[in-house]
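Okay, so here's the structure we're looking at.
Please treat every number below as a calculation from the coordinates, not as lab data. Bear in mind the structure is a predicted one, so any value in this text is a computation, not a measurement. Because the Cβ atoms are built from the backbone with ideal geometry, glycine has one as well, and the counts that use them run over all protein chains shown.
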Amino acid sequence: MAILIRRSGRQPDPWRLADAAADAAAGAGSPAAAALPPQGDWIVPRAQLQAALCEQPRRSGRLGVLLEPQDDPLELTPLIGALSLVAVRFPQFTDGRGYSAARLLRDQVGWTGELRAVGDVLRDQIWLLSRCGFDSFALREDQDPDDAIRAFDDFSVSYRFRADGR
């Protein structure tokens, strides 16, 4: 399980990911293939968001969406009020599309809620990811969370205004 950090430190993660690949392997009885369980906070892939939103009135829990690199963040605009979290997957640390997705979500979609980086998230990315608008990070398992938290203070001066307000 990934370790969740914020600028304030480590924190437990109440969210569960209804991952499309894992759920397809698990079969039709999985949360993403069928209705989500009636309780709990779930992150669903963008492709399954509409179905999850239809089920949401019968659930007691929050709903989040997982954006893959090929997903268009602007498509969330009409649905943004129904979400409590947006997670953006980084399939590999060299894939920079998630940085652009964060800026679009913050600047054009108007997302003010939790924006989480997930996947191949490394300590070296934390400072720049936070500058683009991410405020929580599910680190890759081999990353030291205490060292990653120190990454927020790697640079004391910013020469351009960014989503973090600095």
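Does the range 42-100 come out rounded, prolate or oblate by the C-alpha gyration tensor, with a ≥ b ≥ c the root eigenvalues, rounded set by a/c under 1.5 and, if not, prolate when a/b is larger than b/c and oblate if not? Prolate is the answer for the range 42-100, as a/c is 1.5 or above and a/b outweighs b/c. Overall, the anisotropy analysis places the range 84-161 in the oblate class: the square-rooted eigenvalues a ≥ b ≥ c of its C-alpha gyration tensor yield a/c not less than 1.5, with a/b not exceeding b/c. The overall shape of the range 3-153, judged from the alpha-carbon gyration tensor, is prolate: a/c is not under 1.5, and a/b is greater than b/c.
Per-residue extension of 0.36 nm, minus the Cα-Cα distance of ASP41 and SER100, leaves a gain of 18.6 nm for this segment.
With the simple spin-label model, which puts each label point 7 Å out from Cα in the Cβ direction, the ARG16 to GLN108 separation comes to 3.5 nm.
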